[in-house]
Amino acid sequence: MQISAHQGQQIGLLARTIGARLAIEVGTFTGYSSLCIAERCPPTASSNAATSAPNGRRSRGAIGRRPAGRADRAHHRARHPDARPAADAGLAGKVDLAFIDADKESYDAYYERCLKLVRSGGLILVDNVLWGGSVIDPADNDADTKAIRALNAKLKADDRIDLALFAVGDGMTCALKR
Ligand SMILES: C[S@@+](CC[C@H](N)C(=O)[O-])C[C@H]1O[C@@H](n2cnc3c(N)ncnc32)[C@H](O)[C@@H]1O
């Protein structure tokens with residue numbers, strides 16, 4: 001479920017390129033992609049990761065928490081029963097980078113929340129936007145495929161961002177907030 005080292009390198013470089021200090025991840029799993037971001041941020045940076053723990057116990061994200069040498073940069077907190085970042089936590093317009101990689105049916109809601117949180121000139125990265133190629137298969141209409149297809153079309157016409165599709169892994173959208 002985690003991104004490849006190759007994609008991690010690209011995300012890290014993007015974070016460094018925009019001088020990211022505050023990042024949000026939606027969908028953490030073991031925290032690998034969070035670490036790829038954290039290790040390219042200055043020591044005083046912080047990240048907020050949201051992932052789910054339906055039964056309230058610690059989420060998988062906790063497994064990858066705080067390996068040696070990165071404790072100072074990654075502050076993982078499970079925020080909500082679902083992965084939606086708290087849009088009103090005083091972060092609006094302050095986040096440098098958001099990485100969306102959780103349940104696909106909620107992608108549009110995550111995107112809109114992250115767009116509120118991310119500053120102008122900040123980045124929103126959305127993973128799995130090719131969904132194994134299903135997005136171009138007209139016969140494939142399952143809920144995840146339809147959700148990703150709809151978001152792809154929306155972002156293409158969205159004048160709040162500048163857009164590029166990175167053909168890395170399962171496809172990653174890179175949206176620069178205007
Ligand atoms: C693809 S994995 C994330 C991988 C991670 N970004 C990486 O590359 O290292 C997706 C994660 O999203 C979480 N997730 C899926 N649906 C969720 C939901 N509705 N709310 C919160 N988290 C969810 C899963 O538990 C899993 O940890």
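Throughout, read-outs are computed from the coordinates displayed, never taken from laboratory work. Because the structure is predicted, anything quoted here is derived from the model rather than measured. Because the Cβ atoms are built from the backbone with ideal geometry, glycine has one as well, and the counts that use them run over all protein chains shown.
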Cβ crowding within 10 Å averaged over residues, with 131-141, 33-43 ranked highest first: 33-43, 131-141
- prompt: Which peptide among 3-13, 118-128 comes first, and what is the full order, when sorted by highest mean count of other Cβ atoms within 10 Å?
  reply: 118-128, 3-13
Footprinting exposure proxy for R149, R160 (fewest neighbouring C-beta atoms within 10 Å first): R160, R149
- prompt: Whose amide H sits under 5 Å from the amide H of G122, counting only residues 5 or more places off or on another chain, with H placed in the peptide plane?
  reply: K177
- request: Can you figure out the FRET efficiency of D140 with L176, using R₀ = 25 Å and their beta-carbon distance, to the nearest 0.05?
  value: 0.25
- line: Computed for the range 109-167: size of charge dipole around the Cα centre, +1 on C-beta of each Lys and Arg, -1 on C-beta of each Asp and Glu, debye to nearest 20, value 300
